[in-house]
Amino acid sequence: MDFAFSQEQDMLRESVAKLLERNYDFDTRQELVASDAPWSADVWSEFAELGLTMLPFSEEQGGLGGSIADLVAFAQSLGEHLVIEPYVASTLLAGGALAASGTPTALQWIGKLSSGEVTLAFAYEEGAGTASPEQIAMAADPSEEGAELSGEKRLVIAGSVADALVVVARRSDTGKLGFYLVEAGAAGLQISPYQTIDGRSAATIHFNQVVVQQEAVLLEDARDALEAVLAEAIIVQSAEALGAMKALLTITSEYAMTRKQFGQPIGMFQVVAHRLADMKIAYTKALSTLTYTTALANSGAATLRDIAILKGQIGKLGHEIGEAAIQTHGGVGLTDELNVGHYHKRLIALDASLGDHAFHLRKVGQSG
Amino acid sequence: MDFAFSQEQDMLRESVAKLLERNYDFDTRQELVASDAPWSADVWSEFAELGLTMLPFSEEQGGLGGSIADLVAFAQSLGEHLVIEPYVASTLLAGGALAASGTPTALQWIGKLSSGEVTLAFAYEEGAGTASPEQIAMAADPSEEGAELSGEKRLVIAGSVADALVVVARRSDTGKLGFYLVEAGAAGLQISPYQTIDGRSAATIHFNQVVVQQEAVLLEDARDALEAVLAEAIIVQSAEALGAMKALLTITSEYAMTRKQFGQPIGMFQVVAHRLADMKIAYTKALSTLTYTTALANSGAATLRDIAILKGQIGKLGHEIGEAAIQTHGGVGLTDELNVGHYHKRLIALDASLGDHAFHLRKVGQSG
Amino acid sequence: MNVEFSPELEAFRAEVAEFFATAPTPAIREAGRKTTSVFAPFDQCMEWHQILAKKGWAAPHWPVDYGGTGWSVEQRFIFAEEYRKADLPPLLPQSLGMVGPLLIDLGTEEQKATYLPPILQGLDFWAQGYSEPGSGSDLASLQCRAEADGDDYIINGSKIWTTYAHHANRMFMLVRTDNSGKKQQGITFLLLDRIDYPGMEIRPIVGLDGFPEQCEVFFDNVRVPQSGRVGEENDGWSVAKHLLKHERGGSAASPTLVRYLERAKEAAGKTPSPFGGMMADDPVFQRDFGELYADVASLAHMEKLAISGHSIANDPAFPSLNKTINSELIQRASILMTQVSGVTGLARQLEALRVGSNVEPQGSEFDLITMPLYLNSRATSIYAGSNEVQRDLISRSLATG
Amino acid sequence: MNVEFSPELEAFRAEVAEFFATAPTPAIREAGRKTTSVFAPFDQCMEWHQILAKKGWAAPHWPVDYGGTGWSVEQRFIFAEEYRKADLPPLLPQSLGMVGPLLIDLGTEEQKATYLPPILQGLDFWAQGYSEPGSGSDLASLQCRAEADGDDYIINGSKIWTTYAHHANRMFMLVRTDNSGKKQQGITFLLLDRIDYPGMEIRPIVGLDGFPEQCEVFFDNVRVPQSGRVGEENDGWSVAKHLLKHERGGSAASPTLVRYLERAKEAAGKTPSPFGGMMADDPVFQRDFGELYADVASLAHMEKLAISGHSIANDPAFPSLNKTINSELIQRASILMTQVSGVTGLARQLEALRVGSNVEPQGSEFDLITMPLYLNSRATSIYAGSNEVQRDLISRSLATG
């Protein structure tokens, strides 16, 4: 067993950390969130310059052939800085679907995605039920041109601004889940944009007989590919969550040692001290499970159950850490001005997406 | 709304409390538990002399027509003293079934029960499944004499020493639950006696075509009566549990104020203090729900859901209080010599019988 | 022991339900449904207060002489239950529940005559100025200073977590008038008959839910009349503690919690479970729901005992027990609600939440409120004496027997 | 980053499984299945220790020079997993895990030569004399006194929670040799080469589960040789703390927990649910099980990281994190197990639990162990430094960064 990052991975992590330290302090981030822009185009280009948007694709597909451990190596920084750029959504989820497809259309988009020229959205979630792919209801009706999509997708990150959507839909004749590419502005799309509680650009999208030409049908039987793409996204998203947890642990410990009440730092009160200890216990579990699961996945040995354990633990532990951080800060922890609540909202949002911890932990229980 | 006990009820409570203070200190109780006797015959006669074994029966059936509030008034003392006499099992469960039956045989047994001459057992539980009466499997096959019982009953309190058993069984032809009386020593009974973790005499009983004469068929369609009998037993048993919780709260608070570690009473450590606070919160909830449900039942207005809430809360809160009491006491709380663990075991045993808190709380959720 | 269920009570319930079905304006109803905090949207809340006051129902818990209703315990609970069933906005507690009862007990005749009627009628709203940036849980360490000058006090310092100060026209506050003794001594309780004194500045603080519910209030040589003092100078701590008396046996918070749970169950009946079927039929949902519902029931029982004079309410720790249990149940209920909303609750929808905005929410109206309610309810274990302080108090009640 | 799954490892797993399938006697197997504590039934446990020692597998974590196996991280985990799968009794930790490693690091050559071989071979069992009636969590306040007298110490006082002292033939202990300085100073670490010195008395203490697992040990002018001292006089506290080092990165507790959960699931597959069907198929059971299983998995991950030298184990708080997480998981697992047993677990069955008794249990063999295990496991958050003390230590590691 080897759980250490390589030297190259450490270097990558440092590059991303430096980039974000330079461009992404909390105040800058808050201005960005309050602005009309969905995210920072500058930061996104810098990601591309660093090769991040190219990293996960294989060399044959024009990428860098990065491993899951490479991605995990830097993703923690995305969480530490509360980054709102759609890296997981565009590069890993939509990009992963393209890579699994490998059609000429897919390769063309991978090229543009890798260069940072475009962003894509992954239209997957449909509501509480679709934590499980079994419940996907979006219909792909076979047609002469290729297929017609009808239904609704929720929490489509970057859905209103992406250049194209990769849609997960169920063939109405075969019942098989597939990947379908829909370019922005296609007829029949009705997009209702919003900002998420953690500052990201998202949308609810209605599909009303949206025509997909045959060349834009990326994969007709995508069940296995979907699971692989989700697994990778879950691991990287968990690293992002771990970054937020670590930030909360550090910030809260420091606050507890400086904030005084009743004549002493509040961290001297045993109940506060033990809450900090519980935060560290939770963080240690999260770190251990992320690290181990990453190594497993890197060896090609992570099962669906391993992924469910990771997603479940990160979601549950993230909630615990966030709530403990707020309680320890008291009133100031509940203000929009302090970063603490924003970390917590990021953790909540990550938990809720791609199946919350209650869903995944129950899956673990079903399978064991 | 009136949640106070009457003067008569207060007097009854005091009589029982005095009786037990005199006869039932912890050491005496422990000697009794360690002896061969299933319980104290002397204490049982004193119960009878006080009228307790007569109390719940109607005046027409030769009883005192006591109300549920009368029973709750003194039952707390049974818990405070960790009484092992089978009051709930014999007088309320078996006796309640007899009262609901009202046949000549039933009335005859009620007379002997009231005078303290006999004890009865209630053969109801069958294992994890039978928290719910729906799952009762013990078969009553109709026969020429009356019925034949076949199956297994578990946790039959007083089952190996009672003069007769009231058995809850399902008619194999109609599927209806009924009450059947079986006298001790009947052919086909195979009794495996044991002591419960909380010191009570119990047994697993196999029924192998045990013949019940027609006059001993107490009630052929006993579903409603069973629910009423269980409801009453649950309320009184909850009062018993509350007595144990109160004892634990008092004992543990006192211990925390006297036991010193690191140069101060452990109750001065905030984490211990807050654990005591949580015990008091739990006790206050339990007290409130028991009191309110008793008043409801006394007004004839307690629903199945109210009973499920009571049983669920008492079980869950009892666990919390018991575990907190042990943790606060440390090693000494884990010894057989101290009463703390015995209170906890009583609470656990009461929780597990007649459906544990997990069962009842889920029932609450189903019905809401 | 008994619980009454008389025809008279059922008639009373019908009367209350009928009034709630007809009296509120559509905007008031909308505000009720969109309430995501203990503090309902201000304008509609005050409008509703005025309507209730005309009916004579604004302050059921006040003495009849001052405008209370004189209802029985049962009636008060029925009123609270119907109120919540109708999803009406709760009236704000600062004036009706805090400074009002305090003045009834401790105010001068002039203070009562001046301040009580407009409180009852819903014409005034009082902000509560207690906490300060440096004194949160340790309230007695407050430093906002008032120096006597002729018939006035001159106030310097600041207050924080002053809920709805930006909506208030009056304010009651604790100030430090003496530094020489123990910190609990030297505190004075003051009424400010206006909130726009020269030198006062109010800065709203945006919360995690995106709303400016709390405020910071700055005092720069603010001159206010000494006639606003309640009780003696330097005796404000015992005046403030007197308020606690009113937390004993008066609350009926459980109907709100029951309503949250009902709404969650309703929504769960329309929300698909990832395991198939609807969430409301899912055994795991039912277990979680049942566990929470039973705990809410215990609080309801406790409130009913207290309101009917049971000795449980004489426990010095009762207000702390009540506050701790209630606040943690709100938090748990809000978590269950966000679980039902799932990803749909992740949209930040400040505009859709505004009463009268007519903006379609993402998902249902239920999904609109769950996340703001969850985020806002993180405060319940912090404000009004953090739950850490409450547990300290509860444990002290055990130490002394 | 990688996790190895090589054919060599699979061959090793097969070898271990084969040995476990053939080497233990029926009594040893029965003892394993009837283990309801960290401490397995003594006689069979030592018998099994001796068999393992002959195979060379008694102390995988010891240095190879002293009889360790030199296994890789993967091998050690595979060994622990197969061990638990076979339901074999865990070896007692006092000798192999505590005094043994301590002597390897700090003992004199003579102490090592005398004591290590019989420990390894399973011929000696050492009791641990740390706690005293007056010093539980506050271990350093211990008062059991040793006064130098010639080449001996004369010991007066008592020890408590001395696990299996009534089975031990040797004992290591902390005594007070000086009262003048800070309480941590003036403590000395002593080895007692026998446990039947004149003046020693051992009183077993019956626990909630009915078994005498713990003991009290009284010393009345007990004369023991000073040659049994480890380290300097008055330096026993740092000797004892050195032991902590061995709790870092050495543990493989998670396979035991996994096995408890597997047994619970197996039993749940045969236990009817009150909601129909079998408990194992009940969604609520699955959720509770999954939540616990995932938390156990996190501990397993943490142990694997630590055992393979990940920096996580360098954290000074690591032993406390490990102990806290593990102890609370045992408690939670045991609760799940008692829920499966239900009323059947309420029988007190001391005789059926005795190895070799041949008494039929009430219910299944699973039902036989659940309640004793639950009751016994209430101790895990109390002994070896209560979890309150552990959390104090964890929080201190945050204060310093």
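Please treat every number below as a calculation from the coordinates, not as lab data. Bear in mind that the values here come from a model prediction, so they are computed numbers and not experimental data. When we count neighbours, we look across all protein chains shown, and the Cβ atoms used for this are built from the backbone with ideal geometry, even at glycine.
Just a few scattered comments:
- About its Cα centre, the protein assembly as shown has a charge dipole of approximately 1700 debye under the convention of +1 per Lys or Arg Cβ and -1 per Asp or Glu Cβ, with nothing else charged.
- When the P(r) is computed for the stretch D:295-401, the part past 24 Å accounts for 41% of the Cα-Cα pairs.
- Ratio of Rg to Rh over the stretch A:233-308 (Cα coordinates, Kirkwood Rh, two decimals): 1.17
- The residue of chain B whose Cβ sits closest to the rotation axis that maps B onto A, together with that distance in whole Å, is B:Gln270, 2.
- Inter-probe distance in nm under a simple model that places probes 7 Å from Cα toward Cβ, at D:Leu123 and D:Glu365: 3.3
- Rg ratio (alpha-carbon, reference 2.2 N^0.38 Å) - the protein assembly as shown: 0.96
- By average C-beta atoms within 10 angstrom, highest first, the peptides C:280-293, A:88-101, C:58-71: A:88-101, C:280-293, C:58-71
- In this structure the amide hydrogen of A:Leu218, modeled in the peptide plane, comes within under 5 Å of the amide hydrogens of A:Phe179, A:Tyr180, A:Leu181, none closer than 5 places in sequence on its chain.
- When you restrict to C-alpha pairs under 8 Å that are six or more residues apart and normalise by the size of chain A, the relative contact order lands at 16 percent.
- 3J(HN,Hα) couplings calculated from phi for the stretch C:289-301 with the Karplus curve 6.51 cos²θ - 1.76 cosθ + 1.60 (θ = phi - 60°) are, in sequence order, 5, x, 4, 5, 4, 5, 5, 5, 4, 4, 5, 4, 4 Hz; Gly and Pro show x.
- Charge tally around D:Ser381: other residues with Cβ under 13 Å, Lys/Arg +1 each, Asp/Glu -1 each, net +2.
- Calculated FRET value between B:Arg223 and C:Thr22, using beta carbons and R₀ = 45 Å, to 0.05: 0.50
- The stretch A:75-205: antiparallel DSSP beta bridges as a percent of all, rounded to 5: 75
- Net dipole in debye of the stretch B:265-368 [+1 Lys, Arg Cβ; -1 Asp, Glu Cβ; about Cα centre; nearest 20]: 340
- Here the mean projected area of the convex hull built on the C-alpha positions of the stretch D:119-268 is 11.3 nm².
- Hydrodynamic radius of chain C by the Kirkwood approach over all distinct alpha-carbon pairs: 22.4 Å.
- Partner shielding of D:268-280 amounts to 4, given as the average count of beta-carbon atoms from other chains within 10 Å of each residue beta-carbon.
- Each semi-axis of the equivalent ellipsoid for the stretch C:73-199 is √(5λ) with λ an eigenvalue of the Cα gyration tensor; in descending order they amount to 30, 17, 15 Å.
- Highest mean packing comes first when the peptides A:314-327, B:6-19 are listed by Cβ atoms within 10 Å, giving A:314-327, B:6-19.
- Label point of D:Asp43 (7 Å along Cα→beta-carbon): distances to the other copies' equivalent points are 8.6 nm, sorted ascending.
- Here the simple spin-label model places points 7 Å from the Cα toward Cβ, and for C:Arg194 and D:Glu4 these points are separated by 8.3 nm.
- Spacing of the modelled spin labels on A:Ser35 and B:Ser15, each 7 Å from Cα toward Cβ, amounts to 8.4 nm.
- The HN-Hα couplings worked out from phi for the stretch D:307-320 by the Karplus form 6.51 cos²θ - 1.76 cosθ + 1.60 (θ = phi - 60°) are 5, 9, x, 4, 4, 3, 7, 7, 4, x, 8, 4, x, 5 Hz, whole numbers, x standing for Gly and Pro.
- Rounded to whole Hz, the Karplus (6.51, -1.76, 1.60) HN-Hα couplings of the stretch C:114-122, x for glycine and proline: 6, 9, 5, x, x, 5, 4, 6, x
- Counting only other chain Cβ atoms within 10 Å of each residue's Cβ, the peptide A:306-313 averages 4.
- Copy D relates to copy C by a rotation, and the D residue whose beta-carbon is nearest that axis, with the distance in whole angstrom, is D:Pro283, 2.
- Under 14 Å, Cβ to Cβ, from A:Glu21 - net charge with Lys/Arg +1 and Asp/Glu -1: -1
- With the helix formula -39500 (n - 2.57) applied to DSSP H stretches of n ≥ 4, chain D reaches a computed 222 nm mean residue ellipticity of -14000 deg cm²/dmol.
- The alpha carbon gyration tensor of the stretch C:218-297 gives principal lengths a ≥ b ≥ c with a/c of 1.5 or higher and a/b greater than b/c, which makes the shape prolate.
- Interchain or long-range residues, amide H under 5 Å from D:Met278's placed H: D:Ser273
- With 21 Å as the limit on Cα-Cα distance, the pairs of C:Lys85/C:Lys270; A:Lys18/D:Lys304; C:Lys112/C:Lys323; C:Lys34/C:Lys85; A:Lys246/A:Lys311; A:Lys311/A:Lys345 that go past it are A:Lys18/D:Lys304; C:Lys112/C:Lys323.
- Quotient of the Cα radius of gyration of the stretch D:91-136 and 2.2 N^0.38 Å, N being its number of residues: 1.26.
- Ranked B:His360, A:His206, criterion: other C-beta atoms within 10 Å, fewest first: A:His206, B:His360
- Rounded D (µm²/s) - chain B, Kirkwood Rh over Cα pairs, Stokes-Einstein at 25 °C, 0.890 mPa s: 117
- Residue-averaged [θ]222 nm for chain A, counting only DSSP H segments that reach four residues, each worth -39500 (n - 2.57): -16500 deg cm²/dmol
- Across chain C, the relative contact order, built from alpha-carbon pairs under 8 Å that are at least six residues apart, equals 14 percent.
- Legend: calculated FRET efficiency, D:Asp65 to A:Ser132, from the Cβ-Cβ distance at R0 = 41 Å, rounded to 0.05, equals 0.15.
- Amide H contacts of A:Ser172 (H built 1.01 Å from N, under 5 Å, at least 5 apart or other chain): A:Ala140, A:Asp141
- For D:Ser137, net neighbour charge (Lys/Arg +1, Asp/Glu -1) across residues whose Cβ lies under 12 Å away: -1
- Residue mean of other protein chain beta carbons inside 10 Å, D:334-345: 5
- Position A:Ser132, label points 7 Å along Cα→Cβ, spacing to each other copy in nm (shortest first, one decimal): 2.0
- Share, in percent, of DSSP beta bridges within chain B that are antiparallel, nearest 5: 85
- Of the residues D:Leu368, D:Gln331, D:Phe289, the one whose Cα sits farthest toward the positive end of the charge dipole of the stretch D:244-401, with +1 on the Cβ of Lys and Arg and -1 on the Cβ of Asp and Glu, is D:Gln331.
- The value of relative contact order for the stretch B:209-368, using C-alpha pairs under 8 Å at least six residues apart, is 28 percent.
- In this structure, B:Ile191 and D:Phe218 have a Cβ-Cβ separation that, at R0 = 56 Å, corresponds to a calculated FRET efficiency of about 0.80.
- Remark: label point of C:Asn221 defined 7 Å out from Cα along the Cα-Cβ vector; separations to the same position in other copies 8.5 nm, ascending.
- With all projection directions averaged, the alpha carbon convex hull of the stretch D:1-154 covers 12.7 nm².
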